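Read through the structure below, which is laid out as structure tokens, and then see the notes.
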Amino acid sequence: MGRSSEPSNTRSTGTEPYRLSVDDRTIAGHAQDIRLRLYRPLIGLTVPALLYLHGGGFTSGSLEEAETAAAAIAESVPALVVSVGYSLAPAHCFPTAAHDAHQAALWTLAEARDLNIAKGGLGVAGHDAGGHVAASLTFLARDQGDVDIRAQALLGPMLDPSLTRAGDAQAMQCDVPATAYARCYRAYLPDAAQRVHPYAAPLDSRRLAGLPPTLIVTAQKDVLRIEAEQYAANLIGAGVPTEVTRFPAISHAALPGHRPALLAVADFFRRRLSPADGRGVPV
């Protein structure tokens, strides 16, 4: 089934630090088997669960690259974090990644007893293309009614294949220009007609009611910041409880490794998901 270990990364809570057990699993995905990496705080209690979806513009990224963010969130909530190695484009185009995330969510719920997960639904978080996949999953879960997503946190998400709201990379001192995102969208959405599908273009969706409470985390130096914050406004307009946190002086690529951003995500999930049984744990 893969590896099982206890990495050295720990976090002090004022009482004692948490260690994490890390376990790899393989499950059936939408088009092929996919890997999951589970991060569990060793606190001897049931904990809430959430999925983490890595960045990489749909065409790259890995469980290994997601290690810092997934482990930090697991420690800080505390929660079981299931990092999802979804299928990548161009070999696997839309909607494969979203359906892989859906399969991972179904698997997590089916294994809830064995994984010692607290009742109360799942959370989902993602950065970059992972934010797009996370948003797509919330649409799928709402429309199919088979997965209870209680909260989503999107870090610098890709939400608009048209890129008509993208900022000026030079003026914003950004690390990734809009042209790079355009190449990623062409790989994931090779058919132009796909780019108006509500699961592919969350920013243009007019059916946002019923989506879970949302945290949008943005970086000041990110051409995607404008569209992400517009999505937050759209959600608020649809009656979805939504929070926005912008971090100054950092770039898009820095978000998933930025400790204050990860603590903001952890705080959001701690408020929105069922807490670990037996005690509350402060940041």
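One table, with the values for the structure above:
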{"item": "Residues located in segment 174-190, provided they are within 13 Å of A200 (Cα to Cα) and either open to solvent by 40 Å² or more (accessible area, probe 1.4 Å) or of a type in the set (S, T, N, Q) (or both)", "result": "R186, P190"}
{"item": "Among residues of segment 216-257, those that are farther than 25 Å from G61 by Cα and assigned to a helix (DSSP H, G or I), counted", "result": "7"}
{"item": "In segment 271-283, residue farthest from A125 (Cα to Cα) [restricted to those that are modelled with pLDDT of 75 or more and open to solvent by less than 50 Å² (accessible area, probe 1.4 Å)]", "result": "S274"}
{"item": "Residues located in segment 148-166, provided they are of a type outside the set (G, A, S) and open to solvent by less than 10 Å² (accessible area, probe 1.4 Å)", "result": "Q152, L154, L155, P157, M158, L159, D160"}
{"item": "Criterion (of a type outside the set (S, T, N, Q), surrounded by fewer than 18 Cβ atoms within 10 Å (Cβ to Cβ), at pLDDT 95 or above and closer than 27 Å to P198 by Cβ) met by exactly one of A91, A97, A101", "result": "A91"}
{"item": "Members of segment 200-215 found to be closer than 18 Å to G57 by Cα and either in contact with a His (Cβ under 9 Å, 6 or more places away or on another chain) or among the β-branched types (V, I, T) (or both), listed by number", "result": "A200, P202"}
{"item": "Check on R225, closer than 15 Å to Q173 by Cβ, in contact with a strand residue (DSSP E or B) (Cβ under 6 Å, 6 or more places away or on another chain) and surrounded by fewer than 18 Cβ atoms within 10 Å (Cβ to Cβ)", "result": "no"}
{"item": "Segment 137-147, subset open to solvent by less than 20 Å² (accessible area, probe 1.4 Å) and either assigned to a loop (DSSP other than H, G, I, E, B) or among the small types (G, A, S) (or both), residue farthest from V82 (Cα to Cα)", "result": "A141"}
{"item": "Of all residues in segment 64-88 being free of Cβ contacts under 8 Å to residues at least 40 places away in the same chain and under 21 Å from T138 (Cα atoms), the one that is surrounded by the most Cβ atoms within 10 Å (Cβ to Cβ)", "result": "A70"}
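The values are calculated or read from the model by the stated rules, or taken from the named source; none is laboratory data. Since we're looking at a predicted model, the values are computed, not measured. Positions of Cβ are generated from backbone atoms using ideal geometry, with glycine treated the same way; all protein chains shown enter the neighbour counts. Side chains included, ligands, DNA and RNA excluded: accessible areas come from the protein's heavy atoms. Shrake-Rupley method; radii C 1.70, N 1.55, O 1.52, S 1.80 Å.
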